[in-house]
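Enquirer: Got a structure for you, written out below as C-alpha cells; questions coming shortly.
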Amino acid sequence: MDKNQIAALLQKIESTETASGSARVKTIVNRIVKDLFHTIEDLDIQPDEFWVAINYLTEAGRSGEYGLIAAGLGFEHFLDLRMDEDDAKHGVTGGTPRTIEGPLYVAGAPETKGMARLDQDVAPGEVLFMQGQVRDSAGKVLPNALVEVWHANHLGNYSFFDSSQSPFNLRASIRTDAQGRYRFRSLVPVGYSVPPKGATDQLLTQLGRHGTRPAHIHFFVSAPGFRKLTTQINIDGDPFLWDDFAFATREGLVPPIVRITDAAALRSNEVDAPFYSIDFDLTLHAEQQGLPSGEIKRPRMSV
C-alpha cells in the first residue's frame, strides 16, 4: 500500500471515534497505530510474523515481564533522559543522578531511624555497610528524610517476588537522623540476569543481546518540599558495570567500595571478619513551580 492508501485507512478508522473518550488517549493510540501501519508496510511484515508478535505480547503479559522488557529496550532510561532534559531547561542541574526504578520495588518496608539491617535471611556473601548524608542542592543536611533501599539476594532474586525469602528481606526504610545521616548493614549484592527462557530473555536473544545486570542497590529518597529521587548505585568492579542490559549505569552512581580489615573497625561494627564499606551522599532538589514532580505514578506492589 502507498502512503495515500494508508492515510485513507487511518482516516476511516479515526472517523469512527465520537466526542466521548479521552482526547489524549485518542492522539497517542492513533499515532501508535499510524507508526505501526507504516512499519508493517515498510518492512513487509507478514501476517504470521504479526501474530507471532501478538502471541509474544500476550505471554509476556501473563509472565509479568513488561517491566523488564521496558528496561531492556531502553524505554525506562529514555524517560530518565527526558526528565534530565526537562530539569536542565528549568535550571535544575547537578546533585545525585536519577536512574531507573525497575519493576521490583515493594512499598511498606519497616521504618527505622538512622540505621537499618537489611539481611534478615541467612545467606552467603560478604558484609556490606553503606552510609552517607542526605542534603539539599546547597549542601544543607536534611534530617528526617526517607531513604528507601532494596536489592537482590545472592541468587539475584528479590523478596516478595521470591517466596523463599522472608518478607522485606534486603529492603528497608530509613529516616535520616539530625545530621541527615543514613546507614545500613547488608551483604554485598551480586549481578543477575533476566529469567532464563522468559519473555525478556527470548526477545534479547533475538536481538543478539544479553540480559545481565551488574550488582546494584536501589534507592528512593524523599523529604517534604523536595523532589523525590529515584536512583541506584552499582558495585564498582562488576564485569557488567558499563554493560547493563537496562542501561541504568550512570556517571556519579559508581562509588568506591572499600574492604575494611582493621581490627578496631571490625569490633566497633560487631563483625568478626573483614567487611566492605561504601560512602555515598544523596542530594535532593527542591520542588519547583512548572517542573513535573519527581514522583512517578505507576503500579507497584504493596503489603
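Enquirer: Can we say A71 is open to solvent by less than 80 Å² (accessible area, probe 1.4 Å), closer than 30 Å to F245 by Cβ and of a type in the set (G, A, S)?
Expert: Numbers: open to solvent by less than 80 Å² (accessible area, probe 1.4 Å): yes; closer than 30 Å to F245 by Cβ: yes; of a type in the set (G, A, S): yes.
So A71 passes the test.
Enquirer: Okay, next question. When residues of segment 269-303 are filtered for being acidic (D, E), at pLDDT 90 or above and either under 19 Å from the mean Cα position of the chain (by Cα) or within 24 Å of G237 (Cα to Cα) (or both), how many remain? So that I can check it myself, show each step before the final result.
Expert: Narrowing segment 269-303 to residues acidic (D, E): 270, 272, 279, 281, 287, 295.
Going one step further and asking which of them are at pLDDT 90 or above, we end up with 270, 272, 279, 281, 287.
Within this subset, residues satisfying the condition of being either under 19 Å from the mean Cα position of the chain (by Cα) or within 24 Å of G237 (Cα to Cα) (or both) are 279, 281.
Residues flagged as acidic (D, E), at pLDDT 90 or above and either under 19 Å from the mean Cα position of the chain (by Cα) or within 24 Å of G237 (Cα to Cα) (or both) within segment 269-303 amount to 2.
Enquirer: Another question, then. Can you pull out the residues in segment 165-207 that are free of Cβ contacts under 8 Å to residues at least 40 places away in the same chain, part of a loop (DSSP other than H, G, I, E, B) and under 24 Å from I235 (Cα atoms)?
Expert: Listed by number, the list holds a single entry, P196.
Enquirer: While we're here: Checking K297 against (1) farther than 19 Å from L187 by Cα; (2) in contact (Cβ under 8 Å) with a residue 24 or more places away in the chain, which test does it fail?
Expert: K297 satisfies all of (1) farther than 19 Å from L187 by Cα; (2) in contact (Cβ under 8 Å) with a residue 24 or more places away in the chain except (2).
Enquirer: So, V254, is that one without any contact (Cβ under 8 Å) to a residue 24 or more places away in the chain and either in contact with a strand residue (DSSP E or B) (Cβ under 9 Å, 6 or more places away or on another chain) or closer than 30 Å to F275 by Cα (or both) or not? Before the answer, list the steps.
Expert: Values: without any contact (Cβ under 8 Å) to a residue 24 or more places away in the chain: yes; either in contact with a strand residue (DSSP E or B) (Cβ under 9 Å, 6 or more places away or on another chain) or closer than 30 Å to F275 by Cα (or both): yes.
Considered against the rule, which asks whether it is without any contact (Cβ under 8 Å) to a residue 24 or more places away in the chain and either in contact with a strand residue (DSSP E or B) (Cβ under 9 Å, 6 or more places away or on another chain) or closer than 30 Å to F275 by Cα (or both), V254 comes out as yes.
Enquirer: Does T58 satisfy the condition of being open to solvent by 70 Å² or more (accessible area, probe 1.4 Å) and among the hydroxyl-bearing types (S, T, Y)? Give the derivation first.
Expert: Values: open to solvent by 70 Å² or more (accessible area, probe 1.4 Å): no; among the hydroxyl-bearing types (S, T, Y): yes.
Judged against the criteria, T58 is not a match.
Enquirer: Another question, if that's okay. Kindly provide the set of residues from segment 6-48 that are open to solvent by 100 Å² or more (accessible area, probe 1.4 Å) and in a helix (DSSP H, G or I), ordered by number.
Expert: Filtering segment 6-48 for residues open to solvent by 100 Å² or more (accessible area, probe 1.4 Å) gives 11-12, 16, 19, 24, 31, 42-44, 48.
Q11, K12, R24, R31, D42, D48 - these are the residues of segment 6-48 that are open to solvent by 100 Å² or more (accessible area, probe 1.4 Å) and in a helix (DSSP H, G or I).
Enquirer: How many residues does segment 74-103 contain that are in contact (Cβ under 8 Å) with a residue 40 or more places away in the chain, out of contact with any His (no Cβ under 8 Å at 6 or more places or on another chain) and assigned to a loop (DSSP other than H, G, I, E, B)?
Expert: 6
Enquirer: What are the residue pairs meeting all of these: first residue in segment 1-14, first residue at pLDDT 95 or above, second residue in a helix (DSSP H, G or I) and among the polar types (S, T, N, Q), Cβ atoms under 7 Å, and 6 or more apart or on different chains?
Expert: E14/N30
Enquirer: Name the strands (runs of 3 or more DSSP E) wholly inside segment 217-299 in which the number of residues that are open to solvent by 50 Å² or more (accessible area, probe 1.4 Å) is 1 or more. Talk me through it step by step, then tell me what you get.
Expert: Values: elements: 229-234, 258-260, 275-279, 282-284.
Answer list for segment 217-299: 258-260, 275-279.
Enquirer: Residues in segment 160-185 that are within 17 Å of R213 (Cβ to Cβ) and open to solvent by less than 40 Å² (accessible area, probe 1.4 Å): how many?
Expert: We begin by selecting, within segment 160-185, every residue within 17 Å of R213 (Cβ to Cβ); these are 161-162, 170.
Right, trim to open to solvent by less than 40 Å² (accessible area, probe 1.4 Å) and you get 162, 170.
Number of matching residues: 2.
Enquirer: A follow-up question, please. Which of the residues belonging to segment 105-122 are open to solvent by 40 Å² or more (accessible area, probe 1.4 Å), touching a residue at least 40 places away in the same chain (Cβ under 8 Å) and under 16 Å from A152 (Cα atoms)?
Expert: The first filter runs over segment 105-122 and keeps only residues open to solvent by 40 Å² or more (accessible area, probe 1.4 Å), leaving 108, 110-113, 115, 117, 120, 122.
So of that shortlist, the ones also touching a residue at least 40 places away in the same chain (Cβ under 8 Å) come out as 108, 110-113, 115, 117, 120.
Passing the criteria: R117, Q120.
Enquirer: In the set L36, L118, L43, L68, which member is aliphatic (A, V, I, L, M) and under 23 Å from H210 (Cα atoms)?
Expert: Details: L36 fails: under 23 Å from H210 (Cα atoms); L118 fails: under 23 Å from H210 (Cα atoms); L43 fails: under 23 Å from H210 (Cα atoms).
Being aliphatic (A, V, I, L, M) and under 23 Å from H210 (Cα atoms) holds for just one of L36, L118, L43, L68, which is L68.
The values are calculated or read from the model by the stated rules, or taken from the named source; none is laboratory data. These numbers come from a predicted model, not from an experiment. In this analysis, Cβ positions are derived from the backbone assuming ideal geometry, glycine residues included, and neighbour counts consider all displayed protein chains. Areas reflect the complete protein model, heavy atoms only, side chains present, ligands, DNA and RNA absent. Shrake-Rupley method; radii C 1.70, N 1.55, O 1.52, S 1.80 Å.
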